[in-house]
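The values are calculated or read from the model by the stated rules, or taken from the named source; none is laboratory data. None of these values were measured; they are calculated from a predicted model. Cβ sites come from the backbone with ideal geometry, for glycine too, and all protein chains shown count toward neighbours. Just the protein is used for accessible areas: all its heavy atoms, side chains included, with ligands, DNA and RNA removed. Shrake-Rupley method; radii C 1.70, N 1.55, O 1.52, S 1.80 Å.
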Amino acid sequence: MTGRKFAWLALVAGTLGIGLGLASCNRPAQPIEEAMVADPDNWPSWGRTGHETHYSPLDEIDAGNVGELKLAWHYDLEPGYTASTPLEAEGKVFITSGHSHIRAFDAETGKQLWEYDGGTRERATSALQLSWGNKGIAYDAGHVFLVTTDGYVISLDARTGKEAWKTYDYPDPSPRNSNGAPRVFGGKVIVGFGGADISPARGFVSAYDEKTGKLAWRFYTTPGDDVSPANRKAEEVMRKTWPGGWKNPDGTRRGGGGTAWNAFSYDPELNLIYLGLGNGFPYNRDKRSPDGGDNLFLASIVAVDADTGEYRWHYQVCPGEQWDCTATTDMTLATLEIDGKERKVLMQAPKNGFFYVLDRKTGEFISAEKIAKVTWADHIDGKTGRPVENPGIRYNGKPGLFELWPGPTGAHSWMPQAYSPQTGLVYLPVIEQGALIGDGQKGGGEITAGMGVTLLPEVELPGSHKSFLKAWNPVTQKEAWKVELPGNWPGGVMASAGGLVFQGQIDGKFVARDARTGKQLWSFQTESPIVGAPISYRVNGRQYVTVITGSGGNGAGIDSPGNAAYRTDYRLPRRVLTFALGGTDTIPPFRMPDLTPPDDPDFKPDLARAQAGAMLFGTRACLVCHGWNAIGGGAAPDLRYSPIITDAATFRQIVKEGGLKMNGMPPFPQLTDQELETIRFYLRARARAAPAERQALLDKARAAQASHARPADFAGKWNIVIQSPVGEQKAVMDLKVNGNVITGKVTADQGTVDIAGGIANGRARMEGKASMPMPITIAYDVTVKDGRMTGENSNGPFGTFPMAGTR
């Protein structure tokens, strides 16, 4: 850190030091470990170093001059997955996009130097292997390392892009995919995989010699028959937490998971690698482990010896996991002064809504507090480190659905957090989104067959569909500041020694904020959302900031309705953007055509058929890429606006026969012709409804303004039309008003619902109970103007839809 920066810190500390816990005016808020700031000019790994701080020690760009940050160069990418974090080393920027397509650029000019295609799309044999794309790559000692989504681990010469070695990571045909960034720690390439949402495959992490590609060790994260000497201690710890075993009577696996698809950290001094492990399958613990148990190492952080892979310690964030409670988010290593003593800690905000601080040498629990709304647990016991669960949250054998916060998207997903030792704060991209969860129901409710649970992850609940950037003090376990972000899918974060926090947004803004206050100091408007995290580096004495634009990675599009007000189109320009002080590059003007559904004059609504198509769309993996209710989230085309849905032959060629496999669309030969046409019918119904839904977003903004309707204006019978995802739903609403109290009933083909509520500020808000087939709340928020009723109808977990009515 430069002397100029110390002088600047002294000035700031004079006014802010007490509030931020600065011990004095001439040093940062928390100690800076040497390994955290090593090689400051470069960004060779996902989190820059094994400490996974996403922190740049560079300070040329700071809070005082960030307003002069301009575009230095850009590069246009083809459509495809770009929610990824770039790297920089050797004066080159390396990126991954699509499915393991690697490019190298001159870091100063943006000139492409070489490119490499990992070959996934030619080889892929399943939809899982083509889902999403790579989130990142790694660099070390003159080589770039990648793991393809179908399981190949590859080393490339960083100068030429030529293969140095290539090996295959999967030992059996269980469904797997790898899209997290590999890491190079202690001379070993560390890779994991995903897939625990669809099968009980046994999780593991592999370490390969970075020079030769030879397997150095493999650490299994759930018990099994294959026990290597290095895994013996881990097996002893795990097996007793699966008291009934993990096998069916016929010897097949009943329970598994614990996949490590994203998060790894490294302490070179302790020679420990930390593994962030995922959920179990089936979700329902009674089906996975009928005799109960914590089921280690599901939803756990595990420390292993970097040389041998031998178990050292673990901490489980959700014992007996059954809520998709993963610990696969970033694990940040730092030294914190706690109770007057310096502690070397590991910090993580996993999906479950708590922020944890652990001793990274021993795994000892230090503290944890909520960063978002949490209903599954009341708190974490300070003595045992175990959650104190709320009554009834274990749904096994119980009727109905339970409100679960956070939902399976998590309060914090894979998007990186950042830590600045200057402020002592962790910067968290936080999601507020609840779900409904319950025991498995015969005949439906499972997004994936065999989960053993009814799960509605995209629900309309008060306070949901929100996201924030929160600055969190890990010592006091309190929020320092927060900023509400557009949409419900926040971008990854980077902090810098310039006193800045950089983050992209779903509305296409790339923003720099004051790290101490959250105040926005600079922004750049792109044509596309930004989800991947930015990086910073220095070449020939000049500091640069690079980010890749493009939406995706949002639980596979499941969160798309929360971003529906923003253009996240798959076809929006995806670019590598690099900024520097005094940059002179510009981007040519671009305007996306208006969203217009295809002409479909022969379409005739059929509610039952559309509902059947919606069920197929939801349970046959379509929503995984194309979004909840077919609302595209940017991971793949929004099919409501695609002309292919109007032509049966083209639709069949693409969906069933794989006509666009090389574009990333896997074939689904298992669909029958009838199922194929039923899905197509559903998409045509969604296309028909899309304009009204879009208009409703605009109307909703206008409706937020004060209404002048009087209570008497609401009384009487109304013919109402609700724009549901499966087409127009007609009903009759009969209302009576007494003062500001409103009562009545709504009658439709499905039945009658009694409703009641109140009138305030020109709006009537009413609700009632229905069963579809589980008990849900039907709610209305409406106003009246010029004899016309407008507003919203909320169908419990199934969504909120625009409605209009006339007397």
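Quick look at the values:
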{"read-out": "Residue in the stretch 459-468 that is open to solvent by 10 Å² or more (accessible area, probe 1.4 Å) and among the hydrophobic types (A, V, I, L, M, F, W, C) present", "value": "yes"}
{"read-out": "All positions within the stretch 32-68 that are more than 17 Å from residue 332 (Cβ to Cβ), part of a loop (DSSP other than H, G, I, E, B) and of a type outside the set (A, V, I, L, M)", "value": "39, 40, 41, 42, 44, 59, 60, 62, 64, 65"}
{"read-out": "Top-ranked residue in the stretch 381-419 [being outside any loop (DSSP other than H, G, I, E, B) and touching a Leu at 6+ places or on another chain (Cβ under 9 Å); ranked as surrounded by the fewest Cβ atoms within 10 Å (Cβ to Cβ)]", "value": "403"}
{"read-out": "Criterion: open to solvent by less than 20 Å² (accessible area, probe 1.4 Å) and free of Cβ contacts under 8 Å to residues at least 40 places away in the same chain - qualifying residue of 531, 511", "value": "511"}
{"read-out": "Of all residues in the stretch 484-502 being among the hydrophobic types (A, V, I, L, M, F, W, C) and in a loop (DSSP other than H, G, I, E, B), the one that is farthest from the chain's Cα centre (by Cα)", "value": "497"}
{"read-out": "Residue list for the stretch 77-109, restricted to those being of a type outside the set (Ser, Thr, Tyr), in a loop (DSSP other than H, G, I, E, B), open to solvent by 10 Å² or more (accessible area, probe 1.4 Å) and over 21 Å from residue 124 (Cα atoms)", "value": "90, 91, 108"}
{"read-out": "Filter result (in a loop (DSSP other than H, G, I, E, B), within 28 Å of the chain's Cα centre (by Cα), of a type outside the set (S, T, N, Q) and modelled with pLDDT of 95 or more) within the stretch 322-363", "value": "327, 330, 349, 350, 351, 353, 360, 363"}
{"read-out": "Some residue of the stretch 691-698 being crowded, with 18+ Cβ neighbours inside 10 Å and at pLDDT 85 or above", "value": "no"}
{"read-out": "Total residues in the stretch 149-183, condition of a type in the set (Gly, Ala, Ser), open to solvent by 30 Å² or more (accessible area, probe 1.4 Å) and not in a strand (DSSP E or B)", "value": "1"}
{"read-out": "Criterion (in contact (Cβ under 8 Å) with a residue 24 or more places away in the chain and among the polar types (S, T, N, Q)) met by exactly one of 695, 670, 674", "value": "695"}
{"read-out": "Residue check, residue 288 basic (Lys, Arg) and open to solvent by less than 10 Å² (accessible area, probe 1.4 Å)", "value": "yes"}
{"read-out": "Candidate set from the stretch 345-367 (those that are in contact (Cβ under 8 Å) with a residue 60 or more places away in the chain and within 24 Å of residue 489 (Cα to Cα)); member that is most open to solvent (accessible area, probe 1.4 Å)", "value": "351"}
{"read-out": "The one condition in (1) without any contact (Cβ under 8 Å) to a residue 40 or more places away in the chain; (2) of a type outside the set (Ser, Thr, Tyr); (3) over 30 Å from residue 621 (Cβ atoms); (4) surrounded by 20 or more Cβ atoms within 10 Å (Cβ to Cβ) that residue 29 fails to fulfil", "value": "(1)"}
{"read-out": "Complete set of residues in the stretch 641-670 that are closer than 20 Å to residue 552 by Cα and either touching a His at 6+ places or on another chain (Cβ under 9 Å) or in a loop (DSSP other than H, G, I, E, B) (or both)", "value": "642, 660, 664, 665, 666"}
{"read-out": "Residue 587, sole failed condition from (1) of a type in the set (A, V, I, L, M); (2) part of a loop (DSSP other than H, G, I, E, B); (3) free of Cβ contacts under 8 Å to residues at least 40 places away in the same chain", "value": "(3)"}
{"read-out": "Search result, residues across the stretch 666-694 that are more than 24 Å from residue 600 (Cα to Cα) and touching a helix residue (DSSP H, G or I) at 6+ places or on another chain (Cβ under 9 Å)", "value": "666, 667, 668"}
{"read-out": "Members of the stretch 741-769 that are closer than 19 Å to residue 790 by Cα, open to solvent by 30 Å² or more (accessible area, probe 1.4 Å) and not in a strand (DSSP E or B)", "value": "761"}
{"read-out": "Any hit, the stretch 254-274, residues being without any contact (Cβ under 8 Å) to a residue 60 or more places away in the chain and not in a strand (DSSP E or B)", "value": "yes"}
{"read-out": "Odd one out for residue 139, checked against (1) touching a Leu at 6+ places or on another chain (Cβ under 7 Å); (2) of a type outside the set (S, T, N, Q); (3) closer than 18 Å to residue 218 by Cβ", "value": "(3)"}
{"read-out": "Which listed residue, of 78, 108, is at pLDDT below 95 and of a type in the set (Asp, Glu)", "value": "78"}
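Here's the yes/no breakdown for (1) among the acidic types (Asp, Glu); (2) at pLDDT 85 or above; (3) surrounded by fewer than 19 Cβ atoms within 10 Å (Cβ to Cβ):
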site: 443; (1), (2), (3): no, no, yes
site: 457; (1), (2), (3): no, no, no
site: 474; (1), (2), (3): no, yes, no
site: 477; (1), (2), (3): no, yes, yes
